[in-house]
Structure formats: C-alpha cells, structure tokens
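Shown next, in structure tokens, is the structure this report addresses.
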Amino acid sequence: MTQEKELHRYYARLRTKFIAIIFFIAFIPLILLGGTTYYHYSATVKEKIRKELKLIAKNRKDTIDLFLNDRANSLSVLAYTHTFDYLGKKENLHNVFQLLKMVDSAFQDMGVINSNGKQVAYIGPYHLTGKQYSQTEWFKAVMKKNVYISDVFLGFRKVPHFIIAVKRIENGKPWILRTTIDINMINHFMCTALLGKHGADAYILSREGTYQISTADNDLILTKSEFKMPSVFRGIKEMEGCHGEKALICAIAWLKNNDWLMVIEQDLKYELSPMVRVKNTALSIFIISSLIIIISTILITKRVFARLEKVDREKSQLSEQLVRSDRLAAIGKLASGIAHEINNPLAVISEKAGWIGDLLTEEDVKNSPNYSELIKSTEDIKKHVKRGKKVISRLMGFARKEEVVYGNVDINSVLDETHDFLNKKAIYQNIAIMKEFHEDLPSIVTDGAQLQQVFINIVNNAIDAINKDGVIRLITKGRDGGVLIAIADTGPGMPEEVQEKIFNPFFTTKPVGKGTGLGLSTSYGIVEKLGGHLTVESEVGKGTTFYITLPPSCEQKTKG
C-alpha cells in the first residue's frame, strides 16, 4: 500500500515537472517572439510618426516664417515707396490698402502713426483714427527695431490679433505704417500640419507660454499653457510624453525670430490604433494557442504518465511476485533439509517416550511418589512430538510441489466444511462465523482440498486475531465467470507495514510458539498455483478482509 502511494506521488511530481518544462519550452519562445515582434512593430510605427511629424513641422515652420517675412517686406516696400503726407490722407491710404488686399488677403486693416504715437489715418473695420499708441508695448518695440511683428494681443478692439509695423524716418522724423494680420491664416497653416483628424492638436505659444494660436479651441488664445517651455534651439525637435491620460508625440520649433514656439501634438491612441488591433489579434492568438498547449499538454501527459505508472506498478508487482517465488523456492529447499534432519530425532524421541510410558506401567514404578508427574511428562513429550511432526509436515508440504487434483468444485460446499471444522473453536471463544453465500454460484474447475487448506488457514488466523467476542463473515460472489471469496473479520486490523509482509514465509505477528509464519505464505502459493489471486485489505481498529479470486477453470489456465 505504502509503496503504491509512494509510486503515485513520484509520478505526480514527475508529471508536474514535465508539464512545467513543456510550458517553459513552449511559452518562452512564444512570448519572446510575440514581445519582440510587437516591440519592433511599435518602434517602427512610432518612428514613422516621428519622421512624418518632424517633416510636417519643418514645412509649417518654413511656411509661417516665410508668410510673416513676406508681409513684413510688403509693408516695408509700401512705407519706403510712399511718403508720410501721402499715406496720411485717408483716400490715398484706402487706395493703397485696396491694391494690397487684391494681392494678399491676409491684411485686415492699415494705419499710419506719427512720431507721437497718434494714428493719423486708418483703413479697416474699426474706428481707430486718432487713437494714441505711444504707451503700448508694440509702439515702443517698433520705435527700437524698425520692423516689428507683435505677439497676439487684444488692443483697443478687444479682439485677439497681432500686427506687423514698419518704422520709416522721413525728414528726420519717424513715422510708422502698421497692419493687422488675420490670425485665421496662421490657424489654417497649423491645421494642415495635423497628421490625422482625431487626437491631433497644433498651437503656437509666446515666450511666456501664452497661447497665440490654437487649432483645438480658440478660447485658449491668450491663456496660459501648461507646456514646459524649452530653451531656444535651431531646427525641429521631437519628444514623447504624456498629458493627462494621453500618450503624445510632439514636434516643436521656434518661429518669428525665436519669439513664438510652434507645437504639433499627435495622440498615439489614434495613430497607433492599427498597432493596437494587431496587438489584440496577437494577444487573442496567444491566449488561444496557450489554452490549446495547456489542455493538450495536461491531457497527453496525464494519459502517458498514467500508462507509465500502470506499467511500473505491474512491473513492481511482477517483481514482487518473482522475489516471493524465489524466496519460497529457497525457503522450500531449506525447509526440506530441515524437515529431514529434524524428523529422525523426533521419531527417536517419540519411540523413547513410548518405551518410557511402557516402563511406567510396571508395578514398582507405579508406587513411586512421582509416578503421576512422570506419566504427565511422557504425555507432554508425545504431545510436543506430534506438534513438531505437524510443523515438519507443513514444511514438507511447503517444500515439495504437490500435484493439483482438478475437479468441479462447489466453493459454497467447501466453505461449509470449513465452517463446520472451525465453528466449535469459534463458539468457544464467543466468535460468530456468518455465511453470506451467493446461491447461484458457478461451479469451477480447481483443487478443492488445497482450497480448503487456504480457507482453514485464513479463518483460523481470523479466530486468533479476534481472540474473543467478534464476527467472521464468509462471503461468496460470482465474478467474470469465476468466483470471488471474501473472509472478513472484526479483529484489530493490521498497519500497512504489516500488510506488506503478511505473505512472507515465517513472518508472524503471533507470540513465540503459537505461529510458524507459514500459513499465509502457503495459502498465497496455493491460490497463485490455482490461477487465482490472494489480496488483503485491513484497517487498524476496524478489521481485516482477505479476497480470493478464482478463474472459471484453473486447469485450462494452467494448460494455456
């Protein structure tokens, strides 16, 4: 029993290790392949987005810088080809503005400001003639720089706009020609920079981080951005980061002589959506493949290891039977020699004990005060000689290969005889032998005499095990054309280590002098010789049951 459990645990551990190794071998390459493929695909897609975004940012930078420089140059040409007095007249300024609008629609209005900051002439949608700009930032800046492009501001009109202003010195006095540029033109340039319509944004920030242009929301203009302003650099930079829950790729560039920062953002969620679909598809394939690998591995290994365990168990049982057979053969030879050596002294002792008994019957000896003790001693000698001869007879029977006498045997009748033979002994010890026979039990071809020896040995052992007050059940059933006999007792039972040795020759649990240890080993040999099997089940404190299975015909099995 213990050996079978150990074998089962061994194969369970081995199966677990085998499954773990298969999973490791199967999943590690699969995970590495999937992870590497996804990583390189993701890196390739992101690199493509970066390159496209960087290229678009460069084009937008060049376009916006060119747009602003062209408008500043156009305004400079007008200022240096016309005098202050000429443009200071509204009708002349109107004519010049109309000609300029025909060429370029980006100009929204035009004004002439004198050296004191007063707008002396204005053409546009607002009433700004006579407005004073001497205290404004842009006026102070253009007086210093000659040409000035402002940041977006509200001004007198309270509408976000930016201006281009040119200073000209005429007859020693400066004057300014200014125009307002439509910020929607810049917004249009920015919108064409977007890679996709979803999750994309482009905007321009001042050096202070204030929105100048925003494609996403015009309400953001002139509000403070959370974008971390970088130091001035040349060309285009791209960067990857997060804004809230968004993963973004950005391209940034400085515009307008490094006064404006252009930012083009692309939400990776939308641009990488094909990659996400690929990832989900790959993940689904991985999960399905994993389930197939897991299920098939478990089923196959379970089946294979169950088969291996069965083969190993059968091999172990066969090995045990071979060892037991070799042991029985060796002990049989030893028993034969011992029996011959002891038989002769026993015969002499028996003869001498008889002769002493005859001498004790004479009248002179009868008068001896120790006569009764002498008679009792001679009887004891004869008794123990007989007991010794029985042991020798068992040894001889164990040693020699007795011939099997085949015949039709009614197992119920054999058990009835066994019951009758041992019932008196059982009753004396207050043990009930119960018969539970199957009525239509098939008759089998076997050796009834040897079977009765087996039954007597087992029942006798059961009586000795119970000692007093118990029950022994004799049970018969039909099985596969043969017979199953169960002999169950309510004795103390046996632990597993005893069960493993119970059929070994000379193994006994009885006190010294009360058992030879040959009964069960002889019974086991008889049952195996008759083509059957003898097994035992026992639990400490609950009792023991011996099972004897016999084929329909021992003779046919033996001949086959």
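Every read-out reported here was derived from the displayed coordinates using simple, explicitly stated rules and does not represent laboratory data. As the structure is a computational prediction, the values presented were derived from the model and not from experiment. Quick reminder, even Gly has a Cβ in these numbers, built from the backbone with ideal geometry, and neighbours come from all protein chains shown.
Under 5 Å between amide hydrogens, built in the peptide plane, is the criterion, and for Gly493 it picks out Gly541, Gly543, Thr544 among residues at least 5 positions away or on other chains. In terms of Cα atoms, the Rg and Dmax of the range 205-285 work out to 16.0, 54 Å.
To the nearest 0.05, what FRET efficiency results for Val147 and Lys89 with a Förster distance of 25 Å applied to their C-beta separation? Let's see the in-between values first.
Numbers: r = 24 Å, r/R0 = 0.96.
With a Förster radius of 25 Å, E is 0.55.
Here the mean projected area of the convex hull built on the C-alpha positions of the range 402-559 is 9.1 nm². Among the trypsin sites (Lys or Arg not before Pro) in the range 406-481, those placed in a DSSP loop whose Cβ has at most 16 other Cβ atoms within 10 Å are Lys468. When each of Met102, Met229 is scored by the number of other beta-carbon atoms lying within 10 Å, the sequence from fewest to most is Met102, Met229.
Between Leu99 and Lys48, what is the FRET efficiency for a Förster distance of 41 Å, r being their Cβ-Cβ separation, to the nearest 0.05? Please report the intermediate quantities before stating the final value.
Values: r = 46 Å, r/R0 = 1.13.
Plugging the Cβ-Cβ distance into 1/(1 + (r/R0)^6) gives 0.30.
Within the shell of other residues whose beta carbon sits under 11 angstrom from the beta carbon of Ala488, the net charge comes to -1, with Lys and Arg scored +1 and Asp and Glu -1. The distance between label points at Val540 and Ser296 comes to 4.9 nm (points 7 Å beyond Cα on the Cα→Cβ vector).
Dividing the summed helix terms, -39500 (n - 2.57) for each DSSP H run of n ≥ 4, by the number of residues in the chain produces a 222 nm estimate of -18500 deg cm²/dmol to the nearest 500. Proximity of backbone amide H atoms, modeled 1.01 Å from N, is registered between Leu222 and Tyr211, Gln212 at under 5 Å, excluding neighbours fewer than 5 places apart on the same chain. Remark: spin-label model distance Thr36-Thr192 equals 4.5 nm, labels positioned 7 Å along the Cα→Cβ axis.
Extension gain for Val278 to Lys435 (0.36 nm times residue separation, less C-alpha to C-alpha distance): 48.9 nm.
When only C-alpha pairs under 8 Å and at least 6 residues apart count, what is the relative contact order of the range 82-181, in percent? Reported relative contact order: 26 percent.
Between Glu170 and Asn258, what FRET efficiency follows from the Cβ-Cβ distance if R0 is 35 Å, with the result rounded to 0.05? Kindly include the intermediate steps, with their values, before the conclusion.
Working: r = 31 Å, r/R0 = 0.88.
Plugging the Cβ-Cβ distance into 1/(1 + (r/R0)^6) gives 0.70.
When the convex hull of the Cα atoms of the range 82-181 is projected onto a plane and the area is averaged over all directions, what value comes out in nm²?
Details: hull surface 23.5 nm².
Convex hull of Cα atoms, orientation-averaged projection: 5.9 nm².
So what is the relative contact order of the range 402-559, in percent, for Cα pairs below 8 Å that sit 6 or more residues apart?
Details: 300 pairs, mean separation 38.5, N = 158.
Averaging sequence separation for qualifying contacts and normalising by length gives 24 percent for the range 402-559.
Just so you know, the averaged projected area of the alpha carbon convex hull for the chain sits at 52.1 nm². Just to confirm a number: summing +1 for Lys and Arg and -1 for Asp and Glu over residues other than Ile427 whose beta-carbon lies under 13 angstrom from that of Ile427, what do you get? Residues near Ile427 contribute +1 overall.
Relative protection proxy for 53-64, 262-273, from highest mean packing down: 262-273, 53-64 (other beta-carbon atoms within 10 angstrom).
With the contact rule set at Cα under 8 Å and sequence spacing of 6 or more, what percent relative contact order holds for the chain?
Numbers: 788 pairs, mean separation 53.1, N = 560.
Computed over the chain, the figure is 9 percent.
Label-to-label distance for Ile288 and Ile25 is 2.5 nm, based on points extended 7 Å past Cα in the beta-carbon direction. Of the DSSP H helices in the chain, none is both long (alpha-carbon extent of 30 Å or more along the helix axis) and hydrophobic (Kyte-Doolittle mean at least 0.5). Measuring how big the range 13-54 is from its alpha-carbon positions, Rg and Dmax come out at 17.9, 59 Å.
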